[in-house]
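A short worksheet on the structure shown next.
Nothing in this text is a laboratory measurement; each read-out follows from the coordinates by a stated rule. Worth saying up front: this structure is predicted, and the values here are computed from it rather than measured. Glycine also receives a Cβ, built like all others from the backbone with ideal geometry; neighbour counts cover every protein chain displayed.
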Amino acid sequence: MRLAILAVLALATPAHAGHSCAETSEVLGRRHCSGFGGWGTLARMPSITFDMEMFHEHFLVPPVEASSTGNAIYASGPVADAGSTAWGGRMRIGAPLMWRPLYMAFELDIGGVAAPSADIASALLSQAVLAVGAHAHLTDSFTVSAELAGGGRMYSWMAHAEVTDGEAVLEARGRLDWWATPHLTFGASIGTSLITSGDQTFTVGFGGHLRALDAYF
């Protein structure tokens with residue numbers, strides 16, 4: 001009789017877990033009590049990265065200089081007041097290639113070239129570049145990358161009429177990214193032109209990743 005009573009009480013008493021379940025991350029090993037197969041939807045997301053960056057470009061030879069008539073023209077060689085800078089925003093979208101750790105990224109820059117002197121006109125800069133790179137994990141939170149980027153840029157400014165000109169872009173770069181979360185990185189890059197000696201670039205920004213840690217783990 002006593003055993004029967006205990007059995008009835010056991011069946012009537014609701015079961016309680018010994019600890020609470022809390023979702024901490026979509027990454028394997030960083031979550032608790034996830035429903036079976038809950039990773040399935042995230043695992044089908046493509047490994048695409050979206051970056052928003054601010055760039056700073058230094059030109060050893062300014063892309064514009066003053067003509068004898070006082071109107072701005074583009075420089076075709078060194079000038080006395082050498083050196084100018086450009087600032088702007090960069091939108092970047094990247095994805096891994098079949099042979100990891102290789103990846104590819106497309107960039108679009110919009111900014112302006114600061115006038116190096118009062119006699120030289122400032123110019124609007126737009127640039128489109130395709131970058132191919134490879135990265136490696138220094139630690140679980142830091143990634144270092146090497147890139148080769150090529151494309152073209154265009155300058156335009158308003159004098160008596162709108163004037164435009166352009167040039168090819170070929171740069172070697174290095175990047176460092178910090179994984180603040182499995183889906184968010186903050187990073188910086190430096191680069192140098194392989195066409196014009198002395199031209200350098202620097203960027204800083206953040207990126208969003210559709211797949212946690214770009215599905216590298």
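A few notes on this one:
- Stretching THR85 away from ASP140 to a fully extended chain increases their span by 16.2 nm, per 0.36 nm per residue minus the current alpha-carbon distance.
- With both labels modelled 7 Å from their Cα along Cα-to-Cβ, the ILE48 to LEU130 distance reads 1.8 nm.
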